[in-house]
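Student: Got a structure for you, written out below as structure tokens; questions coming shortly.
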Amino acid sequence: MWDRKVLKERAKDVLRASYWKAFVVGLLLVLAGGGGGVSSYSSWNSGTEGSEYGGYINGMLIIVALVVTAIFVGLALIFRIFVGGPLEAGALRYYKRAAEQDVEIGYVASAFQKGRYGDIVKTMIWRDVLNFLWFLLLVVPGIVKYYAYSQTAFILADNPNIGYNRAVELSTEMTQGHKLRLFVLDLSFLGWWLLGGLLFGIGTLFVVPYVYSTKAELYLVLRREALDNRLTSEQELRLTSIYN
């Protein structure tokens, strides 16, 4: 059974040697994540025709606002699907590799390589859709499933072509019996997040490398446990192949 204090100490050891690389990757990871109607009505309220015209203007403004909002949401969704998801997977691959003593920052871009990109996009979409549907159902089940699927991107760091359904399934198996402790691990960073938020939120950017370096250490522990329990294999995760 893993100890969060041990994981954090290992993460600190990694960051001491390569903090600024981890910071830059953290910035990319954050990037991946991703009343005038009353006065207008009053000015035209002197007559029936003015009121009708004012109502027409207000209606048009509402329509324009809705269209602009829809365009913005659509663009944000497209960015998340085709850039944000792969960028998240690449960033977590860096943190995972750094935990394995390889701090090549180029791993961030690996998710965009031919032969990886399409499968990673499909897997990240599938994970995000499942998370959304569970949160849409109820908050507590959504939180539980969030932690169940939390290792998906790390699994892609080992084998980007494992398949969208298998990646989510394996993540669920790996986190079985660990979800409450994963929640507590996140809570243990609350003080750091609050401290970072004191400087107009900018300080939180310096917390990101610490959090995800710790989570990378956790993934290595959960992966080892999964291998020992034969939930997966070195071949499936390509631990001995050129993909790593």
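Student: How many of the residues making up the range 157-176 are among the β-branched types (Val, Ile, Thr) and either part of a loop (DSSP other than H, G, I, E, B) or within 10 Å of Ile120 (Cα to Cα) (or both)?
Tutor: Total satisfying the criteria: 2.
Student: In the list Ile202, Ile155, Ile143, Ile125, which residue meets the criterion of being in contact with a Phe, Trp or Tyr (Cβ under 9 Å, 6 or more places away or on another chain), of a type in the set (Val, Ile, Thr) and closer than 20 Å to Leu31 by Cβ?
Tutor: Exactly one of Ile202, Ile155, Ile143, Ile125 is in contact with a Phe, Trp or Tyr (Cβ under 9 Å, 6 or more places away or on another chain), of a type in the set (Val, Ile, Thr) and closer than 20 Å to Leu31 by Cβ, namely Ile125.
Student: Moving to a separate point now. Return the pair list, or none, for Cβ contacts closer than 6 Å from residues in the range 127-153 that are within 21 Å of Arg93 (Cα to Cα) and at pLDDT 95 or above to residues that are part of a loop (DSSP other than H, G, I, E, B) and among the aromatic types (Phe, Trp, Tyr), at least 6 apart or on different chains.
Tutor: If the second residue must be part of a loop (DSSP other than H, G, I, E, B) and among the aromatic types (Phe, Trp, Tyr), the pairs left are Arg127/Tyr149.
Student: Which count do you get for residues in the range 1-52 that are small (Gly, Ala, Ser), buried (at least 16 other Cβ atoms within 10 Å of the Cβ) and at pLDDT 50 or above?
Tutor: Count: 5.
Student: Examine the range 96-115 for a residue that is surrounded by fewer than 16 Cβ atoms within 10 Å (Cβ to Cβ), part of a helix (DSSP H, G or I) and either in contact with a Ser or Thr (Cβ under 7 Å, 6 or more places away or on another chain) or at negative phi (or both), and state whether such a residue exists.
Tutor: Taking every residue of the range 96-115 in turn, at least one turns out to be surrounded by fewer than 16 Cβ atoms within 10 Å (Cβ to Cβ), part of a helix (DSSP H, G or I) and either in contact with a Ser or Thr (Cβ under 7 Å, 6 or more places away or on another chain) or at negative phi (or both).
Student: Might you let me know whether the range 65-84 holds any residue that is at pLDDT below 90 and farther than 30 Å from Met124 by Cα?
Tutor: Yes; the residues of the range 65-84 include at least one that is at pLDDT below 90 and farther than 30 Å from Met124 by Cα.
Student: Among the residues of the range 180-235, how many are surrounded by 16 or more Cβ atoms within 10 Å (Cβ to Cβ) and not in a helix (DSSP H, G or I)?
Tutor: 4
The values are calculated or read from the model by the stated rules, or taken from the named source; none is laboratory data. These numbers were taken from a predicted model, which means no experiment stands behind them. Every residue, glycine among them, receives a Cβ derived from its backbone with ideal geometry; neighbour counts consider all protein chains shown.
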